[in-house]
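Enquirer: One structure coming up, written as C-alpha cells, with questions to follow.
The values are calculated or read from the model by the stated rules, or taken from the named source; none is laboratory data. All values reported here derive from a predicted model rather than from experimental measurement. Ideal geometry is used to build each Cβ from the backbone, glycine not excepted, and the neighbour counts take in all protein chains shown.
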Amino acid sequence: MTGAEYGIIAAAIFLAACLQASSGFGMGMLAAPVIAMVDPTLLPATLILLALLLTVMVTVRERQSLDLRGTGWALAGRIPGSFLGAWLVTALSREGLAWVVAGVVLAGLVLALRGWAPRPVPATLIAAGAASGIMGTATSIGGPPMALVWQGHDGPRLRGTMSAFFMVGSAISMGMLWINGAVTSHMLVLALWMVPAAVGGYAASRYVNRFLNATRLKALVLGASAVGSLLLVAQLILAAA
C-alpha cells in the first residue's frame, strides 16, 4: 500500500475508535467500508484485532455500569454464530466479502432509521448475539444487532455492556478465523501499525463525549457509515462495469 492509503486507513480507524468508545458501537460500520475500498484482504481480522484492544479499554473504563446478565445471554448466541461467520470468510471471494460488508452496513442503517427496538429479553439477546457473531466474524461489523437490542441503555451502561460483549466476542471471532486459516501476517502487521490510531481515538472520545449527546452521536455514526458503504457500493459497481 502507498503512504496515502495507510493514512486513509489510519484516519478511518481513529474516527471509528472515537465513535465506538463514545457510543458502544460503530467501529466496524465506519472503518470496514473504507478498508474494503483500500484493500479487502485486510478484512476482517485487522479490524477485529483493533476492536478487541479498544473494547478492553472501554470495558475497564465503564466496568461499574456493566449488564453482566444480558452480556451472558448474548454471548450464548455469539459463539455458534462465530463458527458460521468464519466459514463465510473462507467461502467468499474478496468482491463477495466487500458486497457483504456493504449490505450489512446498509441493512443496519435501515433498521436503525426505522426505529425498530426489540426488548432485551433472553430470546432476543441470544438471537442478536448469533447475528452479531456471524456478521462480526465475517465482516468485522457485529454492532448493529446488539445496538438495536441495547439502545435503551444510558450512555455508560450501553458503552460498558456492548464493549464487554464485543471484547469476548472479538476474541472468539479471532480464534475461529485463526483456526480457519483466515489470519495472515499482512493483517497482523497492519493491525500493529494502526494501534496508535485506535488508542488515539479512544483518548479523543473522552473529549467528544462532552460536546455530543446520544442523539447527535448516533446520527454521526449512521451518517458516516452510510457514506462509507455507498462509496464502497459505487466502487464495486464501477469495477464490474
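Enquirer: Search segment 178-189 for residues that are under 16 Å from Val38 (Cα atoms) and pair each with any residue that is hydroxyl-bearing (Ser, Thr, Tyr) when their beta-carbon atoms are under 9 Å apart and the residues are at least 6 apart or on different chains.
Expert: His186/Thr41; His186/Thr46; Met187/Thr41; Met187/Thr46
Enquirer: Another question about this same structure. Test Leu68 against the criterion of being under 28 Å from Val121 (Cβ atoms), hydrophobic (A, V, I, L, M, F, W, C) and modelled with pLDDT under 95, and give yes or no.
Expert: Judged against the criteria, Leu68 is a match.
Listed here are the residues, each with its yes/no results for (1) among the β-branched types (Val, Ile, Thr); (2) modelled with pLDDT under 75.
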{"position": "Phe166", "(1), (2)": "no, no"}
{"position": "Ile172", "(1), (2)": "yes, no"}
{"position": "Thr184", "(1), (2)": "yes, no"}
{"position": "Trp193", "(1), (2)": "no, no"}
{"position": "Ser229", "(1), (2)": "no, yes"}
{"position": "Gln235", "(1), (2)": "no, yes"}
{"position": "Leu238", "(1), (2)": "no, yes"}
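Enquirer: What number of residues within segment 6-16 satisfy the criterion of being without any contact (Cβ under 8 Å) to a residue 40 or more places away in the chain, in contact with a helix residue (DSSP H, G or I) (Cβ under 8 Å, 6 or more places away or on another chain) and farther than 19 Å from Gly28 by Cβ?
Expert: Residues meeting the conditions: 0.
Enquirer: Which of the residues that make up segment 150-180 are farther than 19 Å from Ser22 by Cβ and either of a type in the set (Gly, Ala, Ser) or under 16 Å from the mean Cα position of the chain (by Cα) (or both)?
Expert: Listed by number, the residues that qualify are Val168, Gly169, Ala171, Ile172, Ser173, Met174, Gly175, Leu177.
Enquirer: Taking only segment 204-217 into account, find how many residues are under 19 Å from Glu62 (Cα atoms) and assigned to a helix (DSSP H, G or I).
Expert: Here the count works out to 7.
Enquirer: Here's something else I'd like to know. Working only within segment 144-153, note down all residues that are over 16 Å from Ala127 (Cα atoms) and either surrounded by 24 or more Cβ atoms within 10 Å (Cβ to Cβ) or in contact with a Ser or Thr (Cβ under 8 Å, 6 or more places away or on another chain) (or both).
Expert: His153
Enquirer: Among the residues in segment 58-68, are any surrounded by 21 or more Cβ atoms within 10 Å (Cβ to Cβ) and either in contact with a Lys or Arg (Cβ under 7 Å, 6 or more places away or on another chain) or among the small types (Gly, Ala, Ser) (or both)?
Expert: yes
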